[in-house]
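Okay, structure first, notes after.
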Amino acid sequence: MSRAEMPPLETDLRLAVLRPLLEKNAVNKAELTLALSVDLPLDAQVQIADPGGVPGRPAQPVLVSHTSLKAKPLNTPEGRALLLHAIAHIELNAIDLALDVVWRFCGMPEAFYGDWLRVAREEALHFQLLAEHLVNLGWAYGDFPAHEGLWFMASKTRGDLLARMAIVPRTLEARGLDATPQIQDKLRAVGSPMALRAVGVLDIILRDEVGHVAIGNRWYRWLCERQGLDPVA
């Protein structure tokens, strides 16, 4: 679906994010997310009814237990494609996690929703970069199995914004910051032009994810202060 063919988005930001969140096609989900505008009107106080079917899930990839996923050597083209597919799946889940925060949790400052829309848009760009790279390698998103770990955490924290901020950006995304440089070193060791191009894509993702963890930290501490909690304890 081209952007020119997309019908007008809703006129409220928190309602508008439901459209890409419910979208099942991964490519369209990223495009619809990038089409969202921070300039849309915002009603932060309204409690939006759960539309069901959140998030929209593509027919592929097949979702399995994380223990069922086996890595392959990065010195093979398939091994590198499998690795980048796994990262693309994380980025797709990250789009949904950021959009979910915007519609689900009311009563926050306007800047909160702007921050998470920015996160969603950057995750959408990351997914697009990885999906395009997979195509250049001869594969596509959905060609390999994937797991549902990130969204499982979203389900567990759907009633507690403080827990969501603590677990998703401050824990899961922070682990990604630690792992990415090691992955880049392994790809550099391969030394092929496509492997080095993947290192460049991961540079962009790493740069943005530092900002995402910072956003999570900021709102986690804001919520702790509002609730009279020690953010460290």
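The values are calculated or read from the model by the stated rules, or taken from the named source; none is laboratory data. Predicted model only: the values in this text are computed from it and were never measured. As a convention, Cβ positions derive from the backbone with ideal geometry for all residues, glycine included, and neighbour counts pool all protein chains shown. Surface areas here come from the heavy atoms of the whole protein model, side chains and all, with no ligands, DNA or RNA. Shrake-Rupley method; radii C 1.70, N 1.55, O 1.52, S 1.80 Å.
Principal-axis analysis of the Cα atoms of the chain puts helix 77-104 at an angle of about 0° to the longest axis. Entry note, the stretch 101-233: relative contact order of 27 percent, from Cα contacts under 8 Å with a spacing of 6+ residues. Computed on protein heavy atoms with a 1.4 Å probe, the accessible areas place Tyr220, Tyr113 in the order Tyr220, Tyr113, largest first. With a Förster radius of 25 Å applied to the beta-carbon distance between Arg207 and Gln45, the computed FRET efficiency rounds to 0.15. Using Cα atoms only, what is the angle between the long axis of helix 26-35 and the major principal axis of the chain, expressed in degrees (0 to 90) to the nearest 10? Roughly 50 degrees between the two axes. Computed over protein heavy atoms with a 1.4 Å probe, the carbon and sulfur contribution to the accessible area of the stretch 34-85 reaches 58%. Specify whether the C-alpha gyration tensor of the stretch 13-54 places it in the rounded, prolate or oblate class, a ≥ b ≥ c being the square roots of the eigenvalues: rounded for a/c under 1.5, otherwise prolate if a/b is larger than b/c and oblate if not. Taking the square roots of the gyration eigenvalues as a ≥ b ≥ c, the stretch 13-54 is oblate. If you take the square roots of the eigenvalues of the alpha-carbon gyration tensor of the stretch 93-164 and sort them as a ≥ b ≥ c, do you get rounded (a/c under 1.5), prolate (a/b over b/c) or oblate? Judged from the Cα gyration tensor, the stretch 93-164 comes out oblate (a/c at least 1.5, b/c at or above a/b). By a 1.4 Å probe calculation restricted to protein chains, Lys186 has an accessible surface near 120 Å², given to the nearest 10. Rounded to the nearest 10 degrees, the inclination of helix 193-227 to the longest alpha-carbon principal axis of the chain is 20 degrees.
Our note on the geometry: Cα centres of the stretch 179-204 and the stretch 50-79, 21 Å apart.
Counting only protein heavy atoms and a 1.4 Å probe, the chain has 48 square angstrom of accessible area per residue.
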